[in-house]
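Trainee: Take a look at this one; I'll ask things after.
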Amino acid sequence: MYAQRKAPFAPRSNPGRFGYRPAPVRSRIGLAMRRGMNFGALDDAEAVMRGRGLSLAPMSVGEGGLNVGGTSVLPTAQVSDIDSGALKALVVPAGSHDPDPNAATALDEVIARAGAKGVPVLAFGDGVGVALRVLGRPAEAFAAAPAVLITGDAVEPLADAAELGAAAGRIQ
């Protein structure tokens, strides 16, 4: 009961000698913002990636920002960050199909640019089919996969959070 202690503050949510410490950031990765974006069957994907030291930087692929669940998300990364090497991977979440054809074209350009630079692409839900189509990989074998990691010529299906965590740990 912290109310009986003489300390003027409440204890941290993770008690211990040093309190709560988030995982150190190893790499910054781009998150291609899409309308209605989510991680499909792997709803804890963002927490898994952050726990493995990956920092998600939202990227605008179409319009300036998005409103997700009542929260405005503004872009902190640009497509040029893929070229400069500032982003070590690209995340393509699932999302609703935007009626704006420019948004679909911009998403395709980002994925193609990441593939050309050899940057790993993590795709989730319906983003799997989009990423595989743009990169010229066969999508039929991975249609049922909740997520995939595309690196070079290899496509690795990710079925659960443990496989996603292992794949995220390999991103440098």
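Trainee: With the structure loaded, tell me whether GLU156 is open to solvent by 50 Å² or more (accessible area, probe 1.4 Å), touching a residue at least 12 places away in the same chain (Cβ under 8 Å) and either out of contact with any Gly (no Cβ under 9 Å at 6 or more places or on another chain) or on the phi > 0 side of the Ramachandran plot (or both) or whether it fails that test. Write out each step before concluding.
Mentor: Numbers: open to solvent by 50 Å² or more (accessible area, probe 1.4 Å): yes; touching a residue at least 12 places away in the same chain (Cβ under 8 Å): no; either out of contact with any Gly (no Cβ under 9 Å at 6 or more places or on another chain) or on the phi > 0 side of the Ramachandran plot (or both): yes.
Judged against the criteria, GLU156 is not a match.
Trainee: Is it fair to say ALA47 is touching a Pro at 6+ places or on another chain (Cβ under 9 Å), closer than 24 Å to ALA167 by Cα and either open to solvent by 40 Å² or more (accessible area, probe 1.4 Å) or at pLDDT 90 or above (or both)?
Mentor: On the way: touching a Pro at 6+ places or on another chain (Cβ under 9 Å): no; closer than 24 Å to ALA167 by Cα: yes; either open to solvent by 40 Å² or more (accessible area, probe 1.4 Å) or at pLDDT 90 or above (or both): yes.
No: the conditions fail for ALA47.
Trainee: Still on this structure, I have one more. Does the range 159-172 hold any residues that are of a type in the set (Lys, Arg) and touching a residue at least 60 places away in the same chain (Cβ under 8 Å), and which are they?
Mentor: To start, the set of residues in the range 159-172 that are of a type in the set (Lys, Arg) comprises 170.
Scanning the range 159-172 gives no hits.
Trainee: Which count do you get for residues in the range 142-171 that are part of a loop (DSSP other than H, G, I, E, B), aliphatic (A, V, I, L, M) and under 24 Å from GLY51 (Cα atoms)?
Mentor: Just the residues of the range 142-171 that are part of a loop (DSSP other than H, G, I, E, B), to begin with: 143-146, 152-153, 159-160, 171.
Then drop every residue that is not aliphatic (A, V, I, L, M), which leaves 143-145, 159, 171.
Then drop every residue that is not under 24 Å from GLY51 (Cα atoms), which leaves 145, 159, 171.
The number of residues fulfilling the criteria is 3.
Trainee: Is it the case that THR105 is closer than 20 Å to ASN38 by Cβ and of a type outside the set (A, V, I, L, M, F, W, C)? Write out each step before concluding.
Mentor: Numbers: closer than 20 Å to ASN38 by Cβ: no; of a type outside the set (A, V, I, L, M, F, W, C): yes.
Considered against the rule, which asks whether it is closer than 20 Å to ASN38 by Cβ and of a type outside the set (A, V, I, L, M, F, W, C), THR105 comes out as no.
The values are calculated or read from the model by the stated rules, or taken from the named source; none is laboratory data. Keep in mind that this is a model prediction, so the values were computed, not measured. Cβ: placed from backbone, ideal geometry, glycine included. Neighbour counts: every protein chain shown. These area figures cover heavy atoms from the full protein model, side chains too; ligands, DNA and RNA do not enter into them. Shrake-Rupley method; radii C 1.70, N 1.55, O 1.52, S 1.80 Å.
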